[in-house]
Amino acid sequence: MQPAADPRAREAATMLRVYGQLPFVPERATGCDIITTDGRRILDLYGGHAVVALGYSHPHLINAITEQSKLLLFQSNAVALDVRAQAAEKLIGVAPRNLRHVFFVNSGAEANENALRMACVATGRSKVLAITQGFHGRTAAAGAVTWNSDSWYGFPQKPFDVAFIPRDDCDAAAAMIDKDVAAVIVEPVQGVAGAYDLTQEFLTTLREHTARQGALLIADEVQSGVGRCGQFFAVQVYGIEPDILTSAKALGGGIPCGAVLCTRQLAMRFGPGDLGSTFGGGPVAAAAIVAVIDSIDREDLLANVRAREAQIREQCIVGPVRKIQGKGLLLGLLCDRPAVEVRDELLTHDILTGTSADPDVLRILAPLLIESKHVDQLAHALESLAPPTS
Ligand SMILES: Cc1ncc(COP(=O)(O)O)c(C=O)c1O
């Protein structure tokens, strides 16, 4: 039998060519390593856009989704499920204390879409403020609050009025948050922007002024959450309690899922038919959520995230790296040359990292269980990179 042609060519022939792709094809993966079809072992410090929190083939996660698949692969929200109730209870257990209710969805954009709808419904207002450089997803409402989305947004109009607060500008935030504003949506650490951690003062200002004006604060923790910033959610690092929090990506450790968490007061505004999602909170996704939360706790991964962050900050300002921003394992390495060049060079050393919307920032979104030796490997590779050509 003829060997199948390169999947890159086959994808290009059959799928929309909307993604830039890296020059290797994974065959399998274990721990923090991807094994490629041509036998390379690549250290993955990018985790599939911050999804692979427990690394690959994590025994507890694999066992949980395998057993749940055998027991009950799917049922909708038309019936209650023990595993879904468990997932909701666990998630509330690790969330900021004021967030008592959950609505399950399938992705980050779907979580934000619902959060924004809830804010418009609950306040009766039609203006949403977002933060410059923020990213919230590709759907109609999430794309509307994403910075610089005009080049791809595509819809003839936005579903509500939108304005952007310059990031970290407390005076602008105080002036812009008024009684017309339904919600402010913010990533505490802006992921796509290059792991840019907003200041404490700015987040505190957003919290105080939304509360004062009867607007809601939505924390988009799709990328920053699930342990990535050293607490279960990044708002807990800042000591902020938002009215709504969205989660996805790492929440299922690789199984697609998302969640909208909100206060009891908000939850009481919504009844049957107001929100919905066929697959949201499906049993396999729910089992994955339970396994991810349990593993972060049992393996003390929040402490590991903080330790590895400290190690990266200590060892990795070498070679092309001038400065490090971000929190936990959502880190942006500011480079003295285009980050894409550094990423490509690191890949020749069998280390996978990511770029960001900031051309100078290389993004680290490593599995939460990376070890000290992995950081050593990154530091040595960075150190060995040739000086910039110009
Ligand atoms: C902060 C943030 N919000 C929302 C999204 C959209 O998530 P999804 O791609 O699951 O729709 C992303 C994706 O990168 C994100 O980083």
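The values are calculated or read from the model by the stated rules, or taken from the named source; none is laboratory data. Worth saying up front: this structure is predicted, and the values here are computed from it rather than measured. Cβ: placed from backbone, ideal geometry, glycine included. Neighbour counts: every protein chain shown. Surface accessibility is based on the protein's heavy atoms, side chains included, excluding ligands, DNA and RNA. Shrake-Rupley method; radii C 1.70, N 1.55, O 1.52, S 1.80 Å.
When only alpha carbons are used to place a centre, segment 329-345 and segment 1-65 end up 21 Å from one another.
Annotation: Cys120 carries an accessible surface of approximately 30 Å², with a 1.4 Å probe and no ligand, DNA or RNA atoms counted.
Computed over the chain, relative contact order equals 21 percent, with contacts defined as Cα pairs under 8 Å that lie 6+ residues apart.
Nearest 5 is fine: what % of DSSP beta bridges in segment 210-349 come out antiparallel, could you say?
Details: 10 of 14 bridges.
The answer is about 70 percent antiparallel.
Counting only protein heavy atoms and using a 1.4 Å probe, the accessible area of Lys179 comes to about 120 Å².
Per-residue Karplus couplings for segment 294-304, computed as 6.51 cos²θ - 1.76 cosθ + 1.60 with θ equal to phi - 60°, are listed in order as 4, 5, 4, 6, 4, 8, 6, 6, 5, 5, 5 Hz, Gly and Pro entered as x. Counting only heavy atoms of the protein chains and using a 1.4 Å probe, His374 has close to 20 Å² of accessible surface.
Would you work out what percent of the accessible area of segment 1-141, with all protein chains in place, is carbon or sulfur (probe 1.4 Å)?
Percent of accessible area from carbon and sulfur atoms in segment 1-141: 56.
What is the percent carbon and sulfur in the accessible area of segment 297-390, measuring with a 1.4 Å probe over the protein chains and ignoring ligands? Mind dumping the intermediate values first?
Details: 1990 of 4110 Å².
Carbon plus sulfur share of accessible area: 49 percent.
For Thr246, Thr37, Thr355, the ranking by accessible surface with the largest value first comes to Thr37, Thr355, Thr246, using a 1.4 Å probe. For the pair Ala310 and Ser372, how long in nm is the line joining their label points, each one 7 Å along Cα→Cβ? Reported label-point gap for Ala310 and Ser372 is 1.1 nm.
Under 11 Å from the Cβ of Lys179, count the other residues' Cβ atoms, weight Lys and Arg +1, Asp and Glu -1, and hand me the total.
Values: positive: Arg125, Lys127, Arg212; negative: Asp178, Asp180.
Result for the neighbourhood of Lys179: +1.
Of the residues Met268, Met15, Met118, the one with the largest accessible area comes first in the ranking Met268, Met15, Met118, computed with a 1.4 Å probe on protein heavy atoms.
Rolling a 1.4 Å probe over the heavy atoms of the protein chains gives the chain an accessible area of 44 Å² per residue. The H on the amide N of Thr355, modeled in the peptide plane, is under 5 Å from the matching H of Arg363, each at least 5 residues off or on a different chain. Overall form of segment 29-161: oblate. Here a/c, set by the Cα gyration tensor axes a ≥ b ≥ c, is 1.5 or more, and a/b is not larger than b/c. In plain terms, the chain from Ile317 to Lys158 could stretch by 53.0 nm, reckoned as 0.36 nm per residue minus the Cα-Cα distance. Residues whose amide H falls under 5 Å from that of Arg100, counting only those 5 or more places apart or on a different chain, are Cys262, Thr263, Arg264, with hydrogens built in the peptide plane. Which FRET efficiency value, to the nearest 0.05, do you get for Ala85 and Asp336 by plugging their Cβ-Cβ distance into 1/(1 + (r/R0)^6) with R0 = 41 Å? So the FRET efficiency works out to roughly 0.20. Across segment 27-38, coupling constants 3J(HN,Hα) worked out from phi with the 6.51/-1.76/1.60 Karplus curve, θ = phi - 60°, read 9, 7, 7, 8, x, 9, 10, 9, 9, 8, 4, 9 Hz, and Gly and Pro carry x.
Ranked from largest to smallest solvent-accessible area, with a 1.4 Å probe on the protein heavy atoms, Arg97, Arg84 come out as Arg97, Arg84.
Report in % the part of the accessible area of segment 192-265 that belongs to carbon and sulfur, leaving out ligands and nucleic acids; probe 1.4 Å. Ligands and nucleic acids excluded, carbon and sulfur give 48 percent. Among the listed pairs Lys249/Lys327; Lys90/Lys323; Lys90/Lys373; Lys70/Lys373; Lys327/Lys373, a Cα-Cα separation exceeding 29 Å is found for Lys90/Lys323; Lys90/Lys373; Lys70/Lys373.
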